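Shown next, in structure tokens, is the structure this report addresses.
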Amino acid sequence: MSAATPTAQQNNIARAIASDMEAVNRVIRLRLHSEVSLVNQIAEYIISAGGKRIRPVLVLLLANAYGYRGTAHHELAAVVEFIHTATLLHDDVVDESSMRRGRQTANAMFGNAASVLVGDFLYSRSFQMMVSLNNMRVMQILSDATNVIAEGEVLQLLNMHDPDVTQESYLTVIRSKTAKLFEAAAQLGALVAGANDAQIEAAGEYGRSLGTAFQLIDDVLDYAGDAAEIGKNVGDDLREGKPTLPLIYLMEYGTPEQRELVRSCIENGDEQHFDAVLAAVTSSGALDYTRREAIVAAERAANAIADLPESEFKQSLLQLCSFAVDRNH
């Protein structure tokens, strides 16, 4: 893992694909346009909020790492970002979230109905863009990914307020809900560059493991982060009754008192006892355990691309593995 700071890692990655990202942003602006003003207003609000844009970055880095010299990767990167943005719009409605990326969520600003419908617009626009590329393998990867993501959302809903969720079940949710789009983005980058099936599969393993690492660190930051830095309310997972890995660990290895506290908080979506839960996940080693699991996933991602030819793009992919576990937002 890189010794550079998370900010330096981000800057290095951004420099490697700066011109490509400018092109992707132009595609996003062009494809966002609708004759319906509210669609434009909400879509612009979400896209302009920024974010790390990790998924489109994966498309661009993998395509460049395999020597691609066209422009289709810009369109694919925009498609992936639209799918991701649609999931955020729907997620925030389901979770009743009020803050994302340091701003009010779209549902808090515009209402639930408008957010869901604009999410639908972004999904359908992304499929219009996919079709225009006239590549059945692209369609297969992205249609499979969106279906798995939807299943992951439903599985997470079933797990809400359930203190008996196992680590295995929770990791299934992560692989479906979060890691699947990372996997698809990485595969698309390799595919568009003409990589062979084994290379596309290796790219998929990289994305899947990287996405897992990102989500596990998000789980840590929901207890140990700073709201201003992570851009959302600390303790949201507890309020929503989500049994994430730190709580699952505590349910297995904590004291009887700690287990009873966590069980009650998950069942009732109780954030009033957040400080007590934070003290428990910290003193029990639950946060350290979750961080170690994230590091294992990031190392698995790095190993998956060991055979990639050396380039600044491969170095950026490796730096992403470090950034995933070193970041504070």
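The values are calculated or read from the model by the stated rules, or taken from the named source; none is laboratory data. Small disclaimer: the values here were computed from a predicted structure and weren't measured. We place every Cβ from the backbone using ideal geometry, glycine too, and count neighbours over all the protein chains shown. Areas reflect the complete protein model, heavy atoms only, side chains present, ligands, DNA and RNA absent. Shrake-Rupley method; radii C 1.70, N 1.55, O 1.52, S 1.80 Å.
Just a few scattered comments:
- Residue match in the range 34-50 (condition: surrounded by fewer than 19 Cβ atoms within 10 Å (Cβ to Cβ), closer than 27 Å to Glu312 by Cα and not acidic (Asp, Glu)): yes
- Answer residue from the range 218-242, given it is open to solvent by 10 Å² or more (accessible area, probe 1.4 Å) and not in a helix (DSSP H, G or I) and is modelled with the highest pLDDT among those: Lys242
- From the options Ala198, Ala202, residue that is open to solvent by less than 40 Å² (accessible area, probe 1.4 Å) and either closer than 21 Å to Ala306 by Cβ or modelled with pLDDT under 95 (or both): Ala202
- In the range 58-91, residue surrounded by the fewest Cβ atoms within 10 Å (Cβ to Cβ) [restricted to those that are of a type in the set (D, E, K, R) and more than 14 Å from the chain's Cα centre (by Cα)]: Arg69
- Checked against (1) over 26 Å from Asn64 (Cβ atoms); (2) in contact with a Cys (Cβ under 6 Å, 6 or more places away or on another chain), Ala301 passes all but a single condition, namely (1).
- Taken over the range 149-178, the criterion of being in contact with a Leu (Cβ under 9 Å, 6 or more places away or on another chain) and either surrounded by fewer than 15 Cβ atoms within 10 Å (Cβ to Cβ) or part of a helix (DSSP H, G or I) (or both) is satisfied by Ile149, Gln167, Ser169, Tyr170, Leu171, Thr172, Val173, Ile174, Ser176, Lys177.
- Residues in the range 255-279 that are open to solvent by less than 50 Å² (accessible area, probe 1.4 Å), touching a helix residue (DSSP H, G or I) at 6+ places or on another chain (Cβ under 9 Å) and not hydrophobic (A, V, I, L, M, F, W, C) were compared, and the one that is farthest from Asn159 (Cα to Cα) is Gln258.
- Within the range 92-111, the set of residues being hydrophobic (A, V, I, L, M, F, W, C) and either in contact with a strand residue (DSSP E or B) (Cβ under 9 Å, 6 or more places away or on another chain) or open to solvent by less than 60 Å² (accessible area, probe 1.4 Å) (or both) comprises Val93, Met99, Ala106, Ala108, Met109, Phe110.
- Hey, Glu22 in contact with a helix residue (DSSP H, G or I) (Cβ under 9 Å, 6 or more places away or on another chain) and part of a helix (DSSP H, G or I) or not: no
- Of the residues examined, Gln10 is one that is touching a residue at least 12 places away in the same chain (Cβ under 8 Å), under 28 Å from Asp237 (Cβ atoms), in a helix (DSSP H, G or I) and open to solvent by 20 Å² or more (accessible area, probe 1.4 Å).
- Tally of residues being over 19 Å from Thr212 (Cβ atoms), buried (at least 19 other Cβ atoms within 10 Å of the Cβ) and among the β-branched types (Val, Ile, Thr) across the range 280-310: 1
- For the range 49-106, the set of residues classified as over 17 Å from Leu30 (Cα atoms) and of a type in the set (Phe, Trp, Tyr) consists of Tyr66, Tyr68, listed by residue number.
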